[in-house]
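Enquirer: Dumping the structure here so I can ask a few things about it.
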Amino acid sequence: MANQNILLTIVFLIIVNNCRVYSRALTYAEQQIQLCINQDGTRQPLIIDTDSDVDDLWAIHYVLNVPTIDVLAITTVGNGYTKPLYSGSNVLTFLDLIGCSNGVGVGFGATLPLISAGFQISPALLDALDTYITSPTCLNQSANIFLQPSPFGAIELIKLTLKYSKVPVDILVLGTMTNLATAISEDRSIVSKIGTLYFSGESISIFKILLYIIFEGGQFKPLSNYSSLMPNLTIFNYLYDTETLPGNPNAYLDIFAMQRVATSGIKNIVAMPGSTQNTLPINLTQLSETLKRMNITLKPFVLNLISSLAKCTNQTESDMKWWDNSAAQFMVQMQTNNKQGFCRQTKSVQSLYIMSADSHQFYGQGVIDTDTLLPNASGLVNYTICTQADSSIFLAEFITKINSEKLYPCQQQYSQQFDIRLQQCMLKYDNAVQPTNMAKTNHFLTPFFLWVYLILYMLLIF
């Protein structure tokens with residue numbers, strides 16, 4: 001009996017020892033990579049995911065000049081308001097022109113939505129946005145054709161940045177959710193490393209030749225505001241009709257990605273709705289007066305960048321809003337708990353997005369206040385949204401930041417970019433993180449199974 005007890009004790013100790021070795025080996029390697037990266041622990045880490053529209057560039061410029069933020073990566077998606085070939089290149093060109101060619105890695109990402117509803121952005125508008133920086137009839141800037149993207153693709157960069165960051169990382173999405181949705185689908189463990197997800201709910205901007213319309217509320221709209229909830233079945237090809245499609249393009253251009261991210265378990269989701277963004281018009285007279293009052297002279301490229309959108313896309317000034325850069329500024333206000341920021345009122349809401357192929361005019365819209373009309377609705381997600389904004393406070397803060405030219409992440413060398421350090425450190429500790437048979441055994445060496453082994457061991461001993 002004594003020999004049997006000794007044998008069982010040895011077997012149990014071998015199991016526990018192997019569990020601790022496997023666990024420590026993986027944890028040690030990850031810690032070594034984190035230490036090797038030497039991440040800045042004094043600022044809030046951030047990933048910016050963008051479709052590289054012009055207002056996205058405004059937002060990126062603003063964020064790079066915020067001292068409390070450490071931009072670890074910029075990832076691009078090519079299924080929004082730039083064509084795939086331009087989405088990454090335009091960000092690289094823009095960063096180079098503002099003096100930030102080194103400092104932030106740009107990962108090129110998805111070019112197609114998870115599922116397309118068939119909605120097509122006007123080719124004329126895409127052409128104007130794609131060449132906004134370089135066109136002789138617009139900003140007329142030369143592009144450095146030798147600029148290089150990150151060695152990681154957007155989806156891989158998102159996953160690895162979240163995995164190896166020492167602290168939760170905030171994410172600012174300025175386009176569709178395709179990159180983030182794909183990253184989450186491939187690795188669910190990254191959800192717990194997302195601090196807060198911020199996204200822009202810009203209203204749709206239809207090119208003037210297609211009858212320009214701005215819809216005030218296709219996102220976070222109370223159900224009670226609809227005169228009828230019956231889909232208009234007489235419009236057979238509603239989803240393809242650019243004249244009547246309402247809502248937030250960042251959502252409906254890939255509504256399935258939006259839904260997948262929203263219901264993934266991210267604890268904090270904050271949005272700048274299109275209805276609030278529509279209260280922040282781009283008024284060139286106000287811009288000029290604000291610059292004069294604040295005694296600020298922007299560099300010609302920067303001034304043209306933020307004031308030429310209507311001219312370069314053949315639209316009217318009244319059509320233009322401070323879209324994605326208001327989402328970026330709202331993010332900073334929430335991160336710093338600034339009670340004096342431009343967003344004067346916030347609201348906590350529960351929302352769901354309408355995804356049915358038979359929903360017609362409701363497709364891709366986010367609705368709230370479902371308690372009465374849809375008391376048993378499932379899939380509701382909690383959001384914090386800005387419902388009231390002050391355009392004067394917004395503009396003053398935006399101008400101050402982009403004029404400061406601090407460009408905090410850009411003050412380092414290329415070798416010090418987060419993605420480059422990440423690659424170097426992963427290569428350095430490559431042998432330590434190579435998988436063996438751990439995937440097969442690790443499941444059976446969790447604390448739950450160890451307790452089972454311990455109980456069985458005690459029963460056999462005694």
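Enquirer: Could you grab me the full set of residues in region 248-293 that are over 16 Å from SER318 (Cβ atoms), in a loop (DSSP other than H, G, I, E, B) and either among the β-branched types (Val, Ile, Thr) or modelled with pLDDT of 95 or more (or both)?
Expert: Within region 248-293, THR263, SER264, GLY265, ILE266, LYS267 qualify.
Enquirer: In addition: For region 17-43, give me each residue that is open to solvent by 60 Å² or more (accessible area, probe 1.4 Å) and either modelled with pLDDT of 95 or more or closer than 22 Å to ASP170 by Cβ (or both).
Expert: The answer is ASN38, GLY41, THR42.
Enquirer: Give me a count of the residues in region 76-128 that are of a type in the set (S, T, N, Q), part of a loop (DSSP other than H, G, I, E, B) and open to solvent by less than 30 Å² (accessible area, probe 1.4 Å).
Expert: From region 76-128, those of a type in the set (S, T, N, Q) are 76, 79, 82, 87, 89-90, 93, 101-102, 111, 116, 120, 122; that's our starting set.
Restricting the remaining residues to those that are part of a loop (DSSP other than H, G, I, E, B) gives 79, 82, 101-102, 111, 116, 120, 122.
When the remaining residues are screened for being open to solvent by less than 30 Å² (accessible area, probe 1.4 Å), the result is 79, 82, 122.
Residues meeting the conditions: 3.
Enquirer: Please go through region 364-377 and pick out each residue that is modelled with pLDDT of 80 or more and farther than 20 Å from ILE266 by Cα. Break it down into steps so the answer makes sense when it comes.
Expert: Our first condition is that a residue be modelled with pLDDT of 80 or more; within region 364-377, this holds for 364-370, 374-377.
Within region 364-377, GLY364, GLN365, ASP369, THR370, LEU374, PRO375, ASN376 meet the criteria.
Enquirer: Which residues, taken from region 129-162, are of a type in the set (Phe, Trp, Tyr) and open to solvent by less than 60 Å² (accessible area, probe 1.4 Å)?
Expert: Scanning region 129-162 gives TYR132, PHE152.
The values are calculated or read from the model by the stated rules, or taken from the named source; none is laboratory data. Just so you know, these numbers come straight off a predicted model, no measurement behind them. Here the Cβ is made from the backbone with ideal geometry for all residues, glycine too, and neighbour counts use every protein chain on show. Areas reflect the complete protein model, heavy atoms only, side chains present, ligands, DNA and RNA absent. Shrake-Rupley method; radii C 1.70, N 1.55, O 1.52, S 1.80 Å.
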